[in-house]
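What follows is a set of notes on a single structure, which appears directly below.
The values are calculated or read from the model by the stated rules, or taken from the named source; none is laboratory data. In this text the structure is predicted, and so the values were computed from the model without any measurement. With ideal geometry, Cβ positions are generated from the backbone for all residues, glycine too; neighbour counts draw on all protein chains shown.
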Amino acid sequence: MKKIFGILFTILVIYVIYLDLTVGTLAPPTSQQVDSKPVSIVKHQTSMPSFEAKVKPGETVISIVEHRLEKPLPVAITDLIEDFKKLNPGHNPEKIQIGATYQFPDYSK
């Protein structure tokens, strides 16, 4: 009797492994469509010096400004975030999109 249960258990384990490898036990990932239209920002009139730049993959607000200055950021990160929000109302600096053009504060002066 123990041998029969052992054989049935082994067959069940092999069947489960086969199903897991062929069909899978996890639900397929849900695909989300991403709006791939580049966003263009209209330049607002401010007294703050700024420059316009198109975001490339892997870039952040800090890296774009530092690359433009060719030196480390001369202001606090919180000031950079506030200035970016002033230049681009309604846009969060943590959620900039690749291919979009934004206004960035220019601290070179």
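For first residues located in region 93-109 and more than 16 Å from Gly58 (Cβ to Cβ) and modelled with pLDDT of 90 or more, partners that are surrounded by fewer than 15 Cβ atoms within 10 Å (Cβ to Cβ) and of a type in the set (Ser, Thr, Tyr) and lie 6+ apart or on another chain with Cβ distances below 9 Å form the pairs Thr101/Ser40; Gln103/Thr46. Looking only at region 74-100, which residues are loosely packed, with under 15 Cβ neighbours inside 10 Å and not in a helix (DSSP H, G or I)? Once the filter is applied, which keeps residues that are loosely packed, with under 15 Cβ neighbours inside 10 Å and not in a helix (DSSP H, G or I), region 74-100 yields Pro74, Val75, Ala76, Pro89, Gly90, Asn92, Ile98, Gly99.
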